[in-house]
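K.L.:
Sending over a structure as structure tokens; questions will come in a sec.
Every number in this text was worked out from the coordinates using simple rules, so none of it is lab data. Computed from a predicted structure; not experimentally measured. Cβ placement follows ideal geometry from the backbone for every residue including glycine, while neighbour counts extend to all protein chains displayed.
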Amino acid sequence: MEVGAEGYPVHLADFGGPFDGPLVVAIHGLGGSHLNWAALAPHLTTRCRLMAIDLVGHGCTPVAGRTPDVEGHVALVGDVLRAISDRPVILMGNSLGGLVAALCAASEPDLVAGLILVDPALPTGRLGGIHPRIMANFILCALPGVGERYLAERRSRTSAEHHVRRVLGSVCVDSDRVPDDVVDAHITLTAAGDRAAGDDAYLRSARSLAKVMARPGATKARLERLTIPVLHLHGDRDILVPVASARRMAEGRVGWHLEVARDIGHAPQLETPKWTALRIEEWLEGRGAEARVRASRPSVS
């Protein structure tokens, strides 16, 4: 599905689900796409309507005159929500997508009934135990010129399949847990796309995210405005966003519920989709019931 937001194309994947169920709109992480939610979709769409956005320069959404940074992604999500729904939705985001979802909810509370944050990249003031390999990658990408050369050289010596499997190896404890058809779909999409353009959007997004993490004050203040129900899911072996950061973020927050997945990495929706769907369903029946009602269309008799 292509949704025109502010006159520019945006790719929105519709995974289906009951028309009168709560509408959940999912936002992928840095360098990802709508396919990051493909493993979860069969488990969640038994009771939820699930759609997934490709952010600026990611997946099937071109840059097309927009800026692929945190604020550009937040603006795009807000435009899409206004275009597709006449009622608030439940926003779900992983990693960078979690930050984008939270900032969108804080900036435009009328559009969002509740949040599901999956290993979100939220600033807490202390980065904690990030894996040295991940830190080295971010440092290389942050340096003007160096990041471009680094990604171009890596792109020249890796196939689409190698790229996908390398990324999955970074975000999962055991990438073999990701369904084969979902892996294959990621490879097909990567092979069909413009990898140079994708790397450029990745760099610009990564640099913007790094600035947020380096100067967290203003972003933390914006997130303090959140008053809606929040479900926070986090893998206890995440090497990109340590679980200690998740615990600091949830501590003392009313309406913020943290669930930790054991022996799982940065993308529970890919690595343990059944567990992820069960936690979401439990939340929708309990602490997130108000969000479920607000995000549901009336049933048609």
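K.L.:
Thinking of the chain as a set of Cα atoms, what percent of all their pairs are more than 31 Å apart? Working shown, then result.
P.N.:
Values: 9564 of 45150 pairs.
That fraction is 21 percent.
K.L.:
Let me ask something additional. Just from the alpha-carbon atoms, what are the Rg and Dmax of region 159-291 in angstroms?
P.N.:
Spelled out, the Cα radius of gyration and Dmax of region 159-291 are 17.1, 46 Å.
K.L.:
On a full-extension model of 0.36 nm per residue, what is the gain between ARG253 and LYS274, subtracting their alpha-carbon distance, rounded to one decimal in nm?
P.N.:
4.9 nm
K.L.:
What is the Cα centroid distance between region 257-278 and region 41-107, reported in whole angstrom?
P.N.:
That distance is 20 Å.
K.L.:
Right, here's the next one. Among ILE27, ILE264, ILE116, which comes first, then next, by fewest other beta-carbon atoms within 10 Å? Could the numbers behind the result be given before it?
P.N.:
Details: ILE27 31, ILE264 25, ILE116 28.
Listed from fewest to most nearby Cβ atoms, that is ILE264, ILE116, ILE27.
K.L.:
Which listed residue (GLY252, VAL164, LEU117) has the Cα farthest towards the positive end of the charge dipole for the chain, taking +1 on Lys and Arg C-beta and -1 on Asp and Glu C-beta about the Cα centre?
P.N.:
Sorting the options by dipole projection puts first GLY252.
K.L.:
A further question on this structure: What is the order of CYS172, CYS60, CYS48, fewest Cβ neighbours within 10 Å to most? The partial results should precede the final answer.
P.N.:
Details: CYS172 22, CYS60 17, CYS48 26.
Neighbour counts put them in this order, fewest first: CYS60, CYS172, CYS48.
K.L.:
Here is a follow-up. With the dipole of the chain worked out from charges on the C-beta (+1 for Lys and Arg, -1 for Asp and Glu) around the Cα centre, which of HIS186, GLY217, ALA102 lies farthest toward the positive end?
P.N.:
GLY217
K.L.:
Oh, and also: Per residue, how big is the convex hull of region 8-114 when only Cα atoms are used? Give it in Å³. Before the final figure, lay out each step's value.
P.N.:
Numbers: hull volume 9.1 nm³, N = 107.
Per residue, the Cα convex hull of region 8-114 comes to 85 Å³.
K.L.:
What are the residues whose amide H is under 5 Å from the amide H of HIS232, where those residues sit 5 or more places off or on another chain and H is modelled from the backbone?
P.N.:
Hits under the 5 Å cutoff: LEU117, HIS257, LEU258, GLU259.
K.L.:
Within region 270-301, which residues have the backbone N less than 17 Å from the label spot 7 Å out from ASP86 along Cα→beta-carbon, could you tell me?
P.N.:
So the set is 294-301.
K.L.:
What net charge is computed for the residues neighbouring ALA261, neighbours being all others with C-beta under 14 Å from the C-beta of ALA261, Lys and Arg scored +1, Asp and Glu -1? Please report the intermediate quantities before stating the final value.
P.N.:
Values: positive: ARG177, ARG237, ARG247, ARG262, LYS274, ARG279; negative: ASP119, ASP174, ASP236, ASP238, GLU259, ASP263, GLU271, GLU282.
Charge balance near ALA261 sits at -2.
K.L.:
What's the local net charge at ALA38, with K and R +1, D and E -1, over the other residues with C-beta under 15 Å away? Walk me through the numbers on the way to the answer.
P.N.:
Details: positive: ARG177, LYS274; negative: ASP14, ASP54, ASP180, ASP181, ASP184, GLU271.
Taking every Cβ under 15 Å from that of ALA38, the sum is -4.
K.L.:
Dipole magnitude of region 9-104 about its Cα centre, charges +1 at Lys/Arg Cβ and -1 at Asp/Glu Cβ only, in debye to the nearest 20? Don't skip to the answer; put the middle values down first.
P.N.:
Numbers: 5 positive and 7 negative charges, 32 e Å.
Charge dipole of region 9-104: 160 debye, to the nearest 20.
K.L.:
Among GLY78, PRO242, VAL293, which residue has its Cα positioned farthest towards the positive end of the charge dipole of the chain, with +1 placed on the Cβ of Lys and Arg, -1 on the Cβ of Asp and Glu, and the dipole taken about the Cα centre?
P.N.:
Checked the options; the winner is PRO242.
K.L.:
Rounded to the nearest 20 Debye, what is the dipole magnitude of region 2-294 about its Cα centre when Lys and Arg each give +1 and Asp and Glu each give -1 at the C-beta?
P.N.:
On the way: 32 positive and 34 negative charges, 193 e Å.
Magnitude of the dipole: close to 920 debye.
K.L.:
Here's something else I'd like to know. Provide the net charge surrounding ILE90, with neighbours chosen by a C-beta distance below 9 Å and charges set as Lys +1, Arg +1, Asp -1, Glu -1. Don't jump to the answer; show the numbers that get you there.
P.N.:
On the way: positive: ARG292, ARG294; negative: none.
Summing Lys and Arg as +1 and Asp and Glu as -1 gives +2.
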